[in-house]
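This report concerns only the one structure given below.
The values are calculated or read from the model by the stated rules, or taken from the named source; none is laboratory data. What you see is a predicted model, and the numbers here were worked out from it, not measured in a lab. Methodologically, a virtual Cβ is constructed for each residue, glycine included, from the backbone with ideal geometry; neighbour enumeration extends over all protein chains shown.
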Amino acid sequence: MRLDRFLTRRGTHPCKEVSRLLQDGRVRVDGAVETDGRRRISRFSRIELEGEILQAQEAVYLMLYKPAGYLSATTDPLHPTVMELIDHPLRDELHLAGRLDRASTGLLLLTNDGCWSKRVTEPLEEISKVYRVTTRDEISPETAAIFAAGIYFAYEDLTTRPAVLEILGGRDALLTIHEGRYHQVKRMFHAVGNQVLSLHRESIGPLVLDEALPPGKFRPLGAAEVACFSR
């Protein structure tokens, strides 16, 4: 939203008076005087008018090491959810930027910034996601070529985008995909007659799960990490 429209919509100052307040340097955005009413602001911009704080909502970005046994959901009547692992004053405002199955582990992102999470999860953004996979049977050498060509999912009537499979040996592999379809990794291996026994997400784009972070713990993302998915 434009700054002048934000100020006008408060209803305390008419449009002409808002313009004068801006010209007089009485408005601050994120701590700095702003005189241009056309300035674009977000719900997380700190807005002050003549010393009065009009908006000061904190943007929250968290990295969680999801352990097995927790649902990627905000609430559930039967099972514990990942939100129960988050001790943060704005926990109730957070949502998940992507999900993991209850049995799966690894990197999970949470935020209250809907625009940011949309960029993380939107398939058109083609953000890579790397998973460490252990399967029931040995992974055949031709599996990599099959995944690279794409797997057809009849339910959605679509073919997955090319994926990169690095076989680590026997039943272990690293799989890189660029979308996040429902149970995608498990369905891909099922399509080649194999079964995923364990699934661990190591990274999302350039964000790699912090090795110092124990399972069940979280930490805030740094500014550079947040900027990975910002525009």
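Let me confirm something: among L174, L199, which residue is in the same structural domain as G106 (by TED's automatic domain parsing), in contact with an Asp or Glu (Cβ under 6 Å, 6 or more places away or on another chain) and in contact (Cβ under 8 Å) with a residue 24 or more places away in the chain? Can you show your working first?
Values: L199 fails: in contact with an Asp or Glu (Cβ under 6 Å, 6 or more places away or on another chain).
That would be L174, the only listed residue that is in the same structural domain as G106 (by TED's automatic domain parsing), in contact with an Asp or Glu (Cβ under 6 Å, 6 or more places away or on another chain) and in contact (Cβ under 8 Å) with a residue 24 or more places away in the chain.
Would it be correct to say that L124 is closer than 17 Å to S230 by Cα, in contact (Cβ under 8 Å) with a residue 60 or more places away in the chain and in the same structural domain as H183 (by TED's automatic domain parsing)?
Details: closer than 17 Å to S230 by Cα: yes; in contact (Cβ under 8 Å) with a residue 60 or more places away in the chain: no; in the same structural domain as H183 (by TED's automatic domain parsing): yes.
Here the answer is no, as L124 does not meet what is asked.
I'd like the residue in the stretch 163-194 that is among the charged types (D, E, K, R) and either touching a helix residue (DSSP H, G or I) at 6+ places or on another chain (Cβ under 9 Å) or in a loop (DSSP other than H, G, I, E, B) (or both) and, out of all such residues, is surrounded by the fewest Cβ atoms within 10 Å (Cβ to Cβ).
First, the residues of the stretch 163-194 that are among the charged types (D, E, K, R): 166, 171-172, 179, 181, 186-187.
Adding the requirement that they be either touching a helix residue (DSSP H, G or I) at 6+ places or on another chain (Cβ under 9 Å) or in a loop (DSSP other than H, G, I, E, B) (or both) leaves 166, 171, 179, 181.
Details: E166: 12, R171: 17, E179: 18, R181: 17.
Among residues in the stretch 163-194 that are among the charged types (D, E, K, R) and either touching a helix residue (DSSP H, G or I) at 6+ places or on another chain (Cβ under 9 Å) or in a loop (DSSP other than H, G, I, E, B) (or both), the one surrounded by the fewest Cβ atoms within 10 Å (Cβ to Cβ) is E166.
Within the set of pairs 6 or more residues apart or between chains, which connect a residue that is closer than 19 Å to R46 by Cα and not assigned by TED's automatic domain parsing to the domain that holds R38 inside the stretch 12-27 to a residue that is among the polar types (S, T, N, Q) and modelled with pLDDT of 95 or more with Cβ atoms less than 6 Å apart?
Matching pairs, first to second residue: none at all.
Scan the stretch 58-86 for residues that are touching a Lys or Arg at 6+ places or on another chain (Cβ under 8 Å), of a type in the set (S, T, Y) and either farther than 25 Å from V226 by Cα or not in a strand (DSSP E or B) (or both) and report the count.
Final tally of qualifying residues: 2.
Given the options T75, T81, T111, name the one that is at pLDDT 95 or above and either surrounded by fewer than 21 Cβ atoms within 10 Å (Cβ to Cβ) or farther than 21 Å from G222 by Cβ (or both). Spell out the reasoning first.
On the way: T75 fails: at pLDDT 95 or above; T111 fails: either surrounded by fewer than 21 Cβ atoms within 10 Å (Cβ to Cβ) or farther than 21 Å from G222 by Cβ (or both).
The match here is T81.
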